[in-house]
Structures are given as structure tokens and as C-alpha cells.
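In what follows, a single structure is set out as C-alpha cells and then discussed.
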Amino acid sequence: MQKASTQIISILLFLLAAPLTAAPIDEALNAYKQKQYHQAAKVILNSTVNLNALEAKNKLKVAIIFSKNAKLSKDIASKSQTTQQIFLESLLTENDKDKSIFLYLYLTDIYLQLEKYDDAEAQIEQFLSNSSVDVNYKNLAKIYQAWIALRKGKKDEFHTIANDLKDKHLITDMAIGFIQAREKQPIENNESLSNNIKEAFFNNRNVLTTRAGNYALRIFVANHSLEDAREIYNRLTFHAPSYTEKITTNKIINFYESTLADTLHSFYMEYAKNLLHQIKDDKKYGDTATFYLSDLLIFENDEKSANEYSNKVEALRLLPKKQSQLKAVRASTHGFLDGKRSRAYQVWKEAVENDKNDPFISADAVLMCLTVEGNCPTLVQTAQLAAENGKSKRFEELSRNVGRYFLAKNLEDKALRLLEYALDRSDMNSLLANEPILLLNLAEAYRANKKFAKSLQIYFSLGENFPVMRQIQDAVQGEYLFQQRSSGQSNVF
Amino acid sequence: MYFNKLLFNHHRLLVSGIISGFIALCLLSANSIAANGTLYYGESIKPDTLDPYTSREMSSLRLSELIFNGLIGINESQEIVPELAESWEVSTDKKTWIFHLRKNVSWHGKDNKPFNAHDVVFTVNLVKHPKTQSSHKTQFDAFNSVLALDDHTVKFSLTQKSLNSLSLFTFKILPKHKLSRYKYLNKLSSFSNQPIGTGPYSFLSSNTNREITLLANPDYFLGSPKIKKIIMQPFSDKNIMNQALTFNSLDMVVDVDPRHIDELQADSRFSLIGYNTLSYSFFAYNHNNALLNNKLIRQALSYAVNRKQMLKAFYNNNGAIISGPFAPGSWAYNLDVIPLDFDSNKAIALLKQAGLIKTPEGFIDSHGKPVRFNLKVPIEKNNESNKKIVLAYKNYLNKIGIEINLVFLEKKSWKKAIFAQHDFDITFATWAFDDASDIDDIFHSRYNTAWQNNFISYNNPKVDQLLGLALASTDHQEKRTINHKLHEILAEDSPYTFLWSLTRFAAYTNKLKNIQIHPYKFFENAHLWEFK
């Protein structure tokens, strides 16, 4: 879920008015203002600042930075799965002679995230049928089989497979813990597993592979051990492959952890919520913190707290003006999650119809519909017309959200048109001055429309600020090569 | 309208300054150019020739895209589009291709000569002729033989199977009846300046200022174009070109100067569209120069240049610093190769390591001669950004004790010096690539003769070997791995100082509709473009 950059900047300026005590937070805010959100988070997390000891206003700042990263990481995760699926499936079609068996393993992972369990099952069987697989990967493949069973509702089968594993190493236990964490289940032998991870990677300083880092981070987040998670985060190389297979001297394939961006999402989200909870009763910043908590709960489509937060948002008083204007739309969105769908559709529709000249609220209404995966063809049509006719920069966010809505509905050509409108209403002269969420979706829309060079050019710029983007870049490069049909001309420009 | 254009040219000759320019352009804008269905577009570089083979510039390629057709085309979405061929067949070994040609396609001109299979065979043989001067010949190396089976069927045999064999047939077809007296093609043939094709527009005229007028081909086989005339006007000054656009004397500018993007973006009368993402700029080092043949010296020159500062100062950071021979938008770019940092101390250390001697006046070679290089630059009058870049480069190298002698040459002389005579030490240029991102003709040692693209005489057996493997590979991931290796080797070997890749923007009036801009060829479906 994305809000107007102006809105967030106004809050940050408001917060900046107070004297600062923590230099890393200043540095982080500078990076944040330049839309280098990952760098902003990294500065804070790499520092020695005890986040729990910060004063309320700094906690709010850090929470805003983390929540921005949480949302972006979720979108990166989704794009990563789509692009990696296409690329790995393309590799499967190549000649059999030099095929990597790891294609089956990594495709299993992706199919699992995409909830294609039969496909996942078929891939993992292919992987296991190969006799050359070593014991660690064989165990991992069996754990994937267990995961598929769990997703299909066969809890006992999960435990049977997990318990029957032989020659288990720490990474095997971490894989099981990772799955349980992702599935919001209690982690077996939680305490000893956590201790073993700490012993291996903190005390003995074992090499933290991307896979191990991904698993450990997720396990610590699930345990709410945020300081341990922070240490893992600081040691992870986000752009590194999970596994590199050298098939021949001239054929090398990098495989990536397709769940890493989602793990990052959960880490940022947990941290942001934790900090916001700490200050939600603060006299000065409590209302703003509650608004942001509500924002994150909507983003997570949290149904449990929907009723509570619908009322809470309505009752907020000490909010900056822009956020105050969004209260009705946000409250109705919690209502949507609480089952009051017709009311939400009505509020969003009215917001779009009554807000054509200054589309701040209508942009938010479209975003809300997108976030809760609603179906809003009428209001989006109205918003689309307003976005297409609105020429000023104020229409950037509306165009962006309508474009994202279309992309989510697989209407790629429409999505590209609206996202290009958004860029046209933003800063064309300096790509990275634009919202990363716009650039990410525009890059994906270009890819989906097979305009690969434009897509990769954006991903290249984004990758400089968001290293986890590498897995998308790699996959899109691969797809581009499979799809391109040109003859090989070069000219002097 | 002709009067208007004359007035505009006179204005540029006789007066200078913004105010007088404003008045003259206001006069121009009084007459609407849309009414007569003529599209005026501005280029900053005059096209050298107008046939598809003898020129090596994008401005020429854009025009030839309007005049000529291939057997097939490839659109921006990577789809194969039938052009002069209606259908085709391929053998199971992918080495024999048979094309069935459209009937009832005529060449431009009053005689309306029909296009046929003999034109296709003629084109292949003409371009393959050893004396034909074309940087695009490499594509034709793949053809073992070509045969007209009848007037409308043509058969190709390929030397080897490759990943994108079909793409080979995008080459433009030339008219046998106009060129039969030639055995080969060069820039001096009259055809190169008065071309005849089968495309949506036919060549009408070219004046002394190299303003080129094309006329709609009403019999175009994909449909009669909706705009009657297209006129390309060259501008040596991008400021004047931008003014011409904003005062309605132009309908389109092909390459907007970065300084004007904000202004045009804010002007609701115009649309901006990014294209040509697969391009990059570089300083190239002539390996025939004994000093520049030394890798350490080339690396030193690359370390000495602060590319980040230049990109920020001259292009408002609207681009990406690159580390090797591919644009970042390419599938072949190796993301693990990091661009060299600016480090003048390291540059000096490398020069010393190469055997050069540092004196208070600068570096001298082992014979005691100051190290001095000629930097030859194509300079179109008032092309400020190019001037600034080469001046900055000269200053950076002066700071480490290398003397640079800047030589500004008119484009034609520059091309002759660089591509034909290889008479230079260093030059500054920009490559633009299609989606194949093929660097074979740029770095393979077999393409280092006159008018070929390896004009720096780069010769690295390992690179040659890998380029050969990449070309022959029929495995996508293998091809990518090989190109990543090439990126790594070429970044290390520094035959060029790889600079940056910029986003190019075209701007056009919103009076136009159905505009599709191909990322490489620019004009796409130009017959469908029209004024509202």
C-alpha cells in the first residue's frame, strides 16, 4: 500500500522540526528523501542505535522508513516470482543435454509461492528422481514435499516427512523452521534451533549463505527476536544468488532465493509494527502512529483487527491535514476487511467521483481497492479518465495507482499506458527521483509488454538502490534473450 | 510552406540570439504545418547516405526505415511482422529457409517496376561483395547461398544454425533494376543519395542543407500512409531545434537535449517518449598507437576520468554509468562487473607501471618524449554537450600529466579519419544497438579493415574466440554466460573508456496520433501515423 510522497514528506518535515539526537537517523532521513529507502533502513540497522530506546518521534521516523521498505519488498517479491517463473520455465525448454536439475528445485519453490501445488509436486519429483543429488539437497527437496503437503492441508504428512529425514544438518532444521514460520505455525524445537543458528553464525562466524540468511531471518522474525534478525540482516548479501551451477565452462546459471524479498518484507513489517505499537499511546505522536499501524494492517489484509481499527481511524484527531482527509477511505477499508464490502465500495466510489481536480483522496481509494484485492471496475474507470485528463504532477499518484490496479488484473497494455502517464507527470529527467514503487511497476509493465530494454534499464537503476532487485534483473535478462528477435545491428548514434 | 522553410534557414544564417530567433519563429508559427499533412522532424546529425548499407548513423537508418523494407520486420514487442515476404518455411536443421514473396509490390518511381525474388538475390550478392563498404555486412556472413526459385520464391542456405536465424531476413531489399550496373555499393554511388525502395515513403528531394523530403507511397502494400510528406531537417544547434519545436516549425524532435526535457514535459502541447535505450558513449583507443596498445595505459586513462561528475554536470544524472561493452538495458550486461572508480592516484601508478616516467611537466615515454594523444571529435556546430565532455576528459588527463590535443572535425572528415583511415589516437562516440546487443563487429579482430566497426584495431584472441562461440551457440544461457565473460574481459582490457548509457527522448506535437516509436529503428508503422 502506497501513500502520497507529499504526505509522508510533510510528516517527516513535521518530525524534523524537533531536535534530533541520533546521527544515523539524520543520515537515514536524507537517504529516504532521495527515495533510497533500502539505504535509509540499512543505515539505521547497521548502526549501534538501540531502536527501543529512541524517543517517540524518532521511533515514528524509523517506523515510516521500515514500513515503506516493507511494502516495496512485498511488491519486489511478487515481481520476482513472476519473472523467475518465466525465466526458469524457458530454461526448461532448452536442450536436455545441458539442463540443470536445480531448475526443478527452484521452480518448486516458485510454484509453492504461486500456490500451484500440483506443478510444484511434479517439479520436486523430477528433482528427487536424479541420483546425483547430495544429501542436503535431497533433504531440502523432501522438506519441499512436506511443505506442499502442509499447504494441501496434510499436517501429519508434513511432520512425518520432516521427522523421517536422515543425515540432517543445521540447514535442514532451518528449512523446516522457515516453513513453519512462513505458515505461521509454531516452530519445532524453537529454542534449540535459535541457539544453534546463533552458535553457527554469530559465535563461529560460519559463512552465511543467502539461503541460510533467508531462513534465519524469517525464523527470528517469527520469534520476535528482532535484534537477532537485525544481525542476520546486516550480514546478508541481498544480491547474491542462492546457488550457482556451472554446467559447462560457458554455461553458468544463477539461482536465487525467490522468498528472500518476502522475508525482508516480514522483517521490516515486524520492526515497523513493533515501533509503532510502542508509541501508539504517545500524546503527541500516538495518533500518527495509529494511522500508520492501520496502514500496515490494511496492507496485510488483517481481518482480526479490522473492526477495532475502523473505529480507531475514525476517532483520530491529531493528524496532519492530508492524512486526516483519508480517514473515511481508510476506515471503510478496514470495514471491507471486516465484511462491510458494499459500504467500502460506496465510500471509495464517492471519493473518486468527488475528487477529480485534486486527486489525492481518489488516488488513495484506488490504492485501497488494489490493496484488499477488491474488484472496482467502475471507480477505476472514472479514476482512469481523471488520470488521463489530468496533466499536472498532482495526477502522478492517481495514474500510478490506476496503472498498478491494471497490472494486478493482468491488463498489461492499459497498465503500461497509465504508468507511463504517471512517469510523464513525475520526473522524466531523473529516473531515480521518482517513487521506486512507480519505477518497479513501470519496469514490470514494460517487461509484460515485451519492451525488455526499457524494463531492464529501470531495473538497473533501481538495483543500485535495492540490491534484492538483482534476482528480477537476472530473470528479465534471461527472458529477454529468449524473446528477442533482432539481427545484431549497431550504429553510431 | 517552402517559403517558410527558406525564411527559417535564412534566419539561422543571418541573425543570432534568442530575441531575433523568437521573432522569426513566431512568424513561422503563423502558418500551420499540420494542415498540409506534412510532418517536419528535426535531427541533430545530417545523414551521410540514404541507402541502408553504406551509412553507419542512426539518422540515416531512420530514413531508410521509411524508404525500404525487409523480407520480415520485428516490432518493439519482439513479434515477427511479415513485410516483403508473405510466408516462409524452414528445414528441420534450421539451415535452409524458403520465403514466399508478396505479389503486386512495386518499387518507388514512375516506372512502377515490380519487386521480385531477383531483387532479393541481387541485394545479398551486392552487399556481400568484398568491395561493398558496409558495417552491416557481418549479418550477411551467415548466408551461404541465395537462389530465386521463381519470381516470388527465394531460398537461402545458411552457413550454420543460430539462435535467431529468422532475424537475418530483416535486411533491406534493394532494387536490381536501379543498381544492376553496380557490382558493389559505396557511399559515392548516386543511389546512396537518391534511393528507391518499396517502403511507405519515397525519396523526393535533398537540398544543399541536407533537408530531405519524402513523399507518401500511395501504393504501399501495408496501406497508404496518412501523412503526405515527411521532411527531415538537420539542426546543428539543439537550442534552435528545440525552439523550432516549441514554435511549431517542427512537429517532432528525434533526440531532445536533456536541458529541454523539463520544459517540454511541462508543455501540454507535446509528448515525450523514451527510446533507444541500448546505446552507450565511450572514449575509444586506437590500438595501432604503441602506447594505447598497452592495457595499463588504457586502464589508467579510464581511472583518470570522473564519469559520475560528468554525468551529473552534463546530463543531470539522467543515465547510468556503465562498466563494459553493453548497455544496462541489454540481456548481456554483466551486473557483477562494477564500473571503475575515479582514482587519479591509481591512474598515475598504472602509468608508471607501464614504464612511463613522471616529470614535473607531465609524463614522458622511454625516449623522453611527452606523452601526448590526439583526440578527434566529430563536432556539429554548437553541440555543447559533446564539447563539454571532451574538454572535461582533456582536463582530467592533463591533471595526471597526459597531454591531449583536441581535434574537432566536421562529421564527414571525422568518419573518414576514424573508420576509413584509422588516423587517430582517441575518439569519442556513441554506439546504438538493436535487441541482439551484438558486439562481434565492434571487437572481433576480423572486422578491423576500412569502414568496419572495429576501427580501434582491437585484437584479443580470447575475445575473438568467445565472440565466435557466442555467435555459434544455440543455447540461450550459454550465449548469455559467454557475453557476461566478454563483458568482464573487455572491462578489464579497457579498449574503450566505457562512459554511460543515456535515455533518449523524442518529443512530438500532440497534433499527431498513432505514434509508435521503435526503440532502435525509430519509425514503426509510420504509414499509420497521422495528424488529428
If Lys and Arg each add +1 and Asp and Glu each add -1, what is the summed charge of the other residues whose beta carbon sits under 10 Å from the beta carbon of A:L440?
-1
Using θ = phi - 60° and the Karplus relation 6.51 cos²θ - 1.76 cosθ + 1.60, list the HN-Hα couplings for the range B:107-112 in order, rounded to whole Hz, with x at every Gly or Pro.
6, 4, x, 5, 6, 6
Rounded to the nearest whole Å², what accessible area per residue is found for the range B:279-502 with the 1.4 Å probe?
36
Roughly how compact is the range A:82-142, stated as its Cα Rg over 2.2 N^0.38 Å to two decimals?
1.07
Under the definition of Cα pairs under 8 Å and six or more residues apart, what whole-number percent is the relative contact order of chain A?
15
Accessible surface, per residue, of chain A when the full set of protein chains is kept, probe 1.4 Å, Å²
38
Rounded to whole angstrom, the alpha-carbon centroid of the range A:78-127 lies from that of the range B:109-132 at a distance of 48
What accessible area, summed over both chains, is buried at the B-A interface (1.4 Å probe, Å², nearest 100)?
5500
Of the options B:F531, B:S77, B:N239, report the single residue whose Cα projects farthest towards the positive end of the charge dipole of chain B (beta-carbon charges: Lys, Arg +1; Asp, Glu -1).
B:N239
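Name the shape class, rounded, prolate or oblate, that the alpha-carbon gyration tensor gives for the protein assembly as shown, where a ≥ b ≥ c are the square roots of its eigenvalues, rounded holds for a/c under 1.5, and otherwise prolate holds if a/b is larger than b/c and oblate otherwise.
Note, shape of the protein assembly as shown comes out prolate.
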For B:K103, go through the aspartates and glutamates and keep the ones whose alpha-carbon is under 14 Å away, minus same-chain ones fewer than eight residues off.
B:E83, B:E86, B:D119, B:D150, B:D151, B:D219
Considering only C-alpha atoms, what is the centroid distance from the range B:470-532 to the range B:379-432, in Å?
24
J(HN,Hα) series, the range A:309-326, from Karplus relation 6.51 cos²θ - 1.76 cosθ + 1.60, nearest Hz, glycine and proline x
6, 4, 6, 4, 5, 4, 8, 5, 10, 8, 10, x, 4, 4, 5, 4, 5, 8
Set A:K414/A:K450; A:K273/A:K327; A:K451/B:K521; B:K176/B:K416; A:K42/A:K322 screened for pairs whose C-alpha atoms are more than 18 Å apart
A:K273/A:K327; B:K176/B:K416; A:K42/A:K322
Which GluC sites (Glu not before Pro) from the range B:343-412 combine a DSSP loop assignment with at most 10 other Cβ atoms within 10 Å?
B:E361
Chain B - charge dipole about Cα centre, Lys and Arg +1 at Cβ, Asp and Glu -1, debye rounded to 20:
1120
Please list, in chain and number order, the residues 5+ apart from A:N206 or on another chain whose amide H is under 5 Å from its amide H, with Hs placed from the backbone.
A:F201
Applied in sequence order to the range A:221-229, the curve 6.51 cos²θ - 1.76 cosθ + 1.60 (Karplus, θ = phi - 60°) yields integer Hz couplings, x standing for Gly and Pro, of 5, 4, 7, 6, 8, 5, 5, 5, 4
What is the packing order of peptides A:457-464, B:140-147, taking the mean over residues of other C-beta atoms within 10 Å and listing the highest first?
A:457-464, B:140-147
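If you roll a 1.4 angstrom probe over the protein chains with everything in place, what fraction of the accessible area of the range A:215-303 belongs to carbon and sulfur, to the nearest %?
Using a 1.4 Å probe with all protein chains present, the range A:215-303 comes out at 42 percent carbon and sulfur.
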Please identify every one of the trypsin sites (Lys or Arg not before Pro) in the range A:384-467 that sits in a loop by DSSP and has no more than 16 other beta carbons within 10 Å of its own beta carbon.
A:K391, A:K409
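Quickly rank B:153-160, B:58-65 as a protection proxy: mean count of other C-beta atoms within 10 Å, highest first. Show your work: numbers first, answer last.
Details: B:153-160: 17.9, B:58-65: 23.8.
Ranked from most to least packed, the peptides come out as B:58-65, B:153-160.
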Does any residue of the range A:418-446 lose at least 20 Å² of accessible area with all protein chains in place compared with its chain alone, and if so which ones (probe 1.4 Å)?
A:D424, A:M428, A:N429, A:S430
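Of all beta bridges DSSP finds with both residues in the protein assembly as shown, what is the antiparallel percent, to the nearest 5?
In the protein assembly as shown, DSSP labels about 80 percent of beta bridges as antiparallel.
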Theoretical gain in end-to-end length, A:Q185 to A:E353 [0.36 nm per residue, Cα-Cα removed]:
56.1 nm
Carbon and sulfur together cover what percent of the accessible area of chain B at a 1.4 Å probe radius?
50
What does the structure give for B:53-62 when I average, per residue, the other chain Cβ atoms found within 10 Å of the residue Cβ?
2
Averaged over B:472-484, number of beta-carbon atoms from partner chains that fall within 10 Å
6
Sum up the charges of everything whose Cβ sits under 11 Å from the Cβ of B:P195, counting Lys and Arg as +1 and Asp and Glu as -1, but leave B:P195 out.
+1
Output field shielding_mean for A:249-261 (other chain Cβ, 10 Å radius) holds 3
To the nearest 10 degrees, how steeply does helix A:170-182 sit against the main Cα axis of chain A, on a 0 to 90 scale?
30
Lys, Arg +1 and Asp, Glu -1 on Cβ, resulting dipole of the range B:347-418 about Cα centre, debye, nearest 20:
240
Please state, as a whole number in µm²/s, the translational diffusion coefficient that the Stokes-Einstein equation yields for chain A at 37 °C and 0.692 mPa s, with Rh defined as the Kirkwood radius across alpha carbon pairs.
138
Of the residues A:I143, A:T172, A:T83, the Cα lying farthest along the dipole of the range A:8-265 towards its positive end, which is defined by charges on the beta carbon of Lys, Arg, Asp and Glu, belongs to A:T83
Once the dipole of the protein assembly as shown is set up from charges on Cβ (+1 Lys and Arg, -1 Asp and Glu), the residue from the list B:H260, B:A436, A:S486 lying farthest towards its positive end is B:H260
Here the percent of antiparallel bridges among DSSP beta bridges lying wholly in chain B, to the nearest 5, is 80
What is the dipole size for the protein assembly as shown, taken about its Cα centre, with +1 at each Lys and Arg Cβ and -1 at each Asp and Glu Cβ, in debye to the nearest 20?
2440
Express the accessible area of the range B:72-179 per residue in Å², computed with a 1.4 Å probe while the remaining protein chains stay in the model.
44
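The values are calculated or read from the model by the stated rules, or taken from the named source; none is laboratory data. Computed from a predicted structure; not experimentally measured. Note: ideal-geometry Cβ built from the backbone for every residue, glycine included; neighbour counts use all protein chains shown. Accessible surface areas use protein heavy atoms only, side chains included; no ligands, DNA or RNA. Shrake-Rupley method; radii C 1.70, N 1.55, O 1.52, S 1.80 Å.
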